[in-house]
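**Q** Pasting in a structure now, in structure tokens, and then I'll have a few things to ask.
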Amino acid sequence: MGWPSAFWTVTGAALHMVGAVGCLLALVWLWQRADRTRPDFRASMIALGLTALWGAVVVAYGPASHEAVVAEMARNLGWIAVIYRLFAMDGRDRSLGPIRPVIGALALVEMLHAALLLADLRLPASPELNAAIFQTYTLFRILVAVGALMLLHNLWLGAGASTRQVLLWSGAALAGLWAFDLNLYTIGYLSGEMPQELAAMRGLVSMLMAVALAIGANTAQAKLRLRPSRVVAFRTLSLFIIGSYLIAMVGIAQAFTMLGGDFARLAQTGFILAAIVAALLWLPSAKLRGWARVTLAKHLFQHRYDYRAEWMRFTQTIGETGEDTQTLHQRVVKVVADITESASGFLLLPGDNTGGEPAARWNWDGTLPVGQPAIPPELSRLLEQHKFIVDLDDVRTGSDQHGEGRLVPDWLVTNERAWVIVPLLHFERLMGIVVVARPPVARALDWEDFDLLRIVGQQLASYLAEQAGEQALMEAARFDEFNRRIAFVIHDIKNLASQLSLLAGNAERHAEKPEFRADMLVTLRNSADKLNALLSRLARYNANPAERREATDLRDIGQRVIARFQSAHRIDLIRFDRCEVLADPEALEQSLVHLVQNAVDASDESSPIALEISSDGLRGMVQVVDSGSGMSAQFIREDLFRPFVSTRNGGFGVGAFEARELIRAMGGQLDVDSRPGLGTRFTVTLPMVDAAQLIAASQNPDKQEVA
């Protein structure tokens, strides 16, 4: 650390004296004219005093002395404290939370110089030891300078346009000081010795910095509003982690160098290879990054989430457009998964008679229930009533806050990947349920997670409700168009039926030949009967089948349906129990005709349709089974019972919809079980006459006594 040039030695001493005097004058200036309410006032006074002391020590003992190193360490700690107080200019302690760890890391690196001085004093002098201490010394100075510059950069970017004037001179002074030190020690580290010219100029830099601070002292009336983001803090800490890694590598490499010989070179090479392999294995790891984020969120921030960033990501995901864009249901799952750092999830939508059925999945490769309710209706009602989020880990440990423990299905409890159940509520109505998978780094949910997921769930439910409303409006418009067309058809057919009836009446009175008259009458009356039957069926769209329920034998209905289709397609009756149900015969026959017609359309000419009529004592059942192309669960859920959606060219797409509505109106139920490539089973269930009478009698005991 010697200074061979006498010229630069004298020049450096003079400039350091000038710098010390300038710092003392700036200290007096601040004491008299600066705003003492500023958080950085005391820190700036102390830092200026320490800088003046450092300049005097350099003049007295030399820049390479141990006293100068200690004085410079104190000077740097003082200016680090000034930066720390600048982050508190908004007057709130919580602004300092994300900065304290960074400031602490800088101070720790700076105080490590004391260990170097102790090593230089205690260990026997040698060229190798001196070189190792010099390299480590300069490397520490570089790290401190880089960290200070990054903090100043974040300080400037976080300030508003109207408040940057307050930081202009102070920020410029500190940036100049640390930038000069960064260049000085970088050159020293690369060349192995301190550059005499630059080292001599440090006193002049101190004087210029003191002048800039004095000028900026009169602009202290403005208030600084600074809110450092998590991203900035995370990246800054990442820089220090990398720096610590480099320091460790250099220290170990220097230790190997001190061993000497070929073994030292081999040890250095092996250590470098091991460090590179470790970095390649762990640094790109998503699990490691997730662990770092969770750890930082726990210990460095008052809030886990950056709500501005979360809202922007939410809006961007929901608003995605394009040909390759995922469906709204998939984007809903992705939004919730992104918030919890999860990699997958799925969406359940409330069904007609179930609490929830699978509607969409996002990166979820596990199996979902098919042919049975994924979520029981009781759990859906519980989520609607209490508006809470279910932590499945709590359920697995036996927690039961609202009674959900016995209602969560076993397939979710046993699947360790399933983590959280988030209900999507819109005006007290459950619009859907999102289940997300466990993130790479598992953690316990807290109040902030629950609050954010609850608000996001409400917002997502509004999007689902809006989409459902748009679909309902579209279907209503198509219904109106369909009704208008049917009205014209009924009107035309009604006129034709009237004309044919009149013709039949005239022919009956005026035909001369009995044979011709009889034949004409049969033909005309058959035509009139068919047209009137068509009118009756068309008019039944607005009637209520529940008002015309009577005891109906399912065998008679089944035989009529088989006779109607027997000439067009083979229908096998595999079971033929006697079942009297309470139903409207015409509506029931029409419903079975729709179901059988769908089975015929989905099957090949050589594939028979099976019809099964059975009873369990309380209900009568008619099953229509085919071995055709089958349907997917998504098609059954979204399209099968939607009117005007048909897979046949020219089809209205109202058959399955009308069959279901007619059966429901009679107090029955229509279930579908289908597999693509295997076939489909439609099951119509209606109450038996005796069972219906018993239920009615139990519900109306007074009427029974009167009867």
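**Q** Across 10 Å bins from 0, what is the distribution of all Cα-Cα pair distances for the range 307-468, in whole percents?
**A** Bin by bin from 0 Å, the calculated values are 10, 43, 38, 8, 0.
**Q** Full extension from residue 482 to residue 428: what is 0.36 nm times the residue separation minus their Cα-Cα distance, to one decimal in nm?
**A** Length gained, residue 482 through residue 428: 16.1 nm.
**Q** Quickly work out the residue 10-to-residue 65 label distance, labels modelled 7 Å from Cα along the C-beta direction, and quote it in nm with one decimal.
**A** A separation of 2.0 nm, rounded to one decimal place.
**Q** Looking at the range 359-459, which trypsin sites (Lys or Arg not before Pro) are in a loop (DSSP not H, G, I, E or B) and have at most 16 other Cβ atoms within 10 Å?
**A** 387, 406
**Q** Would you mind calculating the gained length between residue 614 and residue 475 on full extension (0.36 nm times residue separation, minus the Cα-Cα distance), in nm to one decimal?
**A** Full extension from residue 614 to residue 475 adds 46.5 nm.
**Q** Give me 320, 661 sorted ascending by neighbouring Cβ count inside 10 Å, so fewest comes first.
**A** Ascending Cβ contact count within 10 Å gives the list 320, 661.
**Q** Using a basic spin-label model with each label point 7 Å from the Cα along Cα→Cβ, how many nm lie between residue 448 and residue 193?
**A** With each label placed 7 Å out from Cα toward Cβ, I get 5.4 nm.
**Q** How far is it, in nm, from the label point at residue 604 to the one at residue 416 when both lie 7 Å from their Cα along the line to the Cβ?
**A** Rounded to a tenth, the inter-label distance reads 4.7 nm.
**Q** May I ask you to sort 121, 694, 86 by Cβ crowding, counting other Cβ atoms within 10 Å and putting the fewest first?
**A** Ordered by Cβ neighbours within 10 Å, fewest first: 121, 694, 86.
**Q** Additional query: At a 10 Å Cβ-Cβ cut-off, how would you order 40, 690, fewest neighbours first?
**A** Ordered from fewest to most neighbouring Cβ atoms within 10 Å, 40, 690 come out as 690, 40.
**Q** Based on the alpha-carbon gyration tensor of the range 545-696, what equivalent-ellipsoid semi-axes (square roots of 5 times the eigenvalues) come out, in whole Å, largest first?
**A** In descending order the semi-axes read 25, 17, 14 Å.
**Q** Can you give the FRET efficiency to the nearest 0.05 for residue 112 and residue 18, using r as the Cβ-Cβ distance and R₀ = 22 Å?
**A** 0.15
Coordinate-derived values only; no laboratory data. Since the structure is predicted, the reported quantities are computational estimates derived from the model, not experimental observations. Positions of Cβ are generated from backbone atoms using ideal geometry, with glycine treated the same way; all protein chains shown enter the neighbour counts.
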